[in-house]
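Right, one structure below, let's go through it.
The numbers here are math on the coordinates, done by the rules we state, and not lab data. Just so we're clear, the structure is a prediction, and the values are computed from it rather than from any experiment. No Cβ is skipped: glycine too gets one built from the backbone with ideal geometry, and neighbour counts run over all protein chains shown.
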Amino acid sequence: MVRAGKISGNFMIISINGAAHEVADGMTVAQAVRTLTAATTGVAVALNDEVVTRGAWETTALSDRDRVEVLTAVQGG
Amino acid sequence: MDDLIIAGEKFSSRLIMGTGGAPSLEVLDQALAASGTELTTVAMRRLDPGARGSVLDVLRERDIKVLPNTAGCFTAGEAVLTARLAREALGTNWLKLEVIADERTLLPDPIETFDAAERLVADGFVVLPYIGDDPALARRLEQAGCAAVMPLGAPIGSGLGIRNPHNIELIVEAATVPVILDAGIGTASDAALAMELGCDAVLLATAVTRAQRPDLMAAAMKGAVAAGRLARQAGRIPRRRYAEASSPMSP
């Protein structure tokens, strides 16, 4: 379990790239991405198997048990 | 010029490169440069915060168009999600669709591939599906709106060459979209054969990235693809059972 962001008041458990994190209520997709990288280009996010477009990262709040996947391009194929 | 045209976009190189298997980004960079490629595949994976350098930087520096793939997907649903993530991350609607049936053979699953292709075409993607050497499936995928078809020569990474040249010829005869021989290439003569059979381009990775000298093999592949293309356009002589004298015996 990794603590990410400020924990104040209620918290929730989310998964970021398969790892469980205990985070403050109201954490956004943008904040979840920033636990891994400062990059905002070349990166894409799926929230519970649905794409969250870059423009919606700041305004999309996470809920308990959400699964966040942060992907990028790597060597392959 | 004898350009390769996919979905209206022109490429002067008919060699499409993959990036898997290279020991380092530096080796990959040198191989890509030697290959002369203008279109190169990348895979989509979970972001690794510890990773240094990015394959995307290498491609950008070389002004090579990125072709994301759906490597690692086993179902149409996974492939569609990966495609949408690739479009979001890389800003391209081009996609090498790859839906694998099992880990051991890495052969493409035709049912899942077709399902995903239909959904992705409807979603506005330029879809280049990786398939078996199946002329019927190639035709169906073209009818479904795919921008090219990419039959295998042999299983991924096997280096076995083109196991069924007859089927590749049948696919080429029927296709009105580009046919790109994908997977199985082991050495330069395999790439030349693909072009002689009438393929419009060749996609390969392992044969170069795992060669003892990747940059040399990349240069060999570049030459082989160009030579095979020329030979196809030149029109080879028919095969004969017996000799035919090249000079008449009597005037």
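Residues that are free of Cβ contacts under 8 Å to residues at least 60 places away in the same chain, surrounded by 15 or more Cβ atoms within 10 Å (Cβ to Cβ) and within 11 Å of chain A (Cβ to nearest Cβ) occur in segment B:6-26; there is at least one. Note on segment B:73-122: residues that are part of a loop (DSSP other than H, G, I, E, B), touching a helix residue (DSSP H, G or I) at 6+ places or on another chain (Cβ under 8 Å), within 14 Å of chain A (Cβ to nearest Cβ) and not polar (S, T, N, Q) total 1. Of everything in segment A:42-77 that is outside any helix (DSSP H, G or I) and free of Cβ contacts under 8 Å to residues at least 12 places away in the same chain, the residue that is farthest from the other protein chains (Cβ to nearest Cβ) is A:Glu50.
Taken over segment B:135-151, the criterion of being of a type in the set (D, E, K, R) and in contact with a strand residue (DSSP E or B) (Cβ under 7 Å, 6 or more places away or on another chain) is satisfied by B:Glu142 alone.
In segment B:61-108, which residues are more than 20 Å from the chain's Cα centre (by Cα) and closer than 18 Å to A:Val43 by Cβ? Result: B:Leu81, B:Arg84, B:Leu85, B:Glu88, B:Ala89, B:Gly91.
With the requirement that a residue be more than 8 Å from chain A (Cβ to nearest Cβ) and under 15 Å from B:Ala211 (Cα atoms), what does segment B:27-39 give you? Result: B:Val27, B:Asp29, B:Gln30, B:Ala31, B:Leu32, B:Ala34, B:Ser35.
Among residues that are within 13 Å of another protein chain (Cβ to nearest Cβ), under 16 Å from A:Gly76 (Cβ atoms), free of Cβ contacts under 8 Å to residues at least 60 places away in the same chain and out of contact with any Lys or Arg (no Cβ under 8 Å at 6 or more places or on another chain), B:Pro68 is not included.
Residues that are at the interface with another protein chain (Cβ under 7 Å from one of its Cβ atoms), assigned to a strand (DSSP E or B) and over 19 Å from the mean Cα position of the chain (by Cα) do occur in segment B:40-57, at least one of them. Taking the numbered list (1) surrounded by fewer than 24 Cβ atoms within 10 Å (Cβ to Cβ); (2) touching a residue at least 40 places away in the same chain (Cβ under 8 Å) in turn, B:Thr92 passes all entries but (2).
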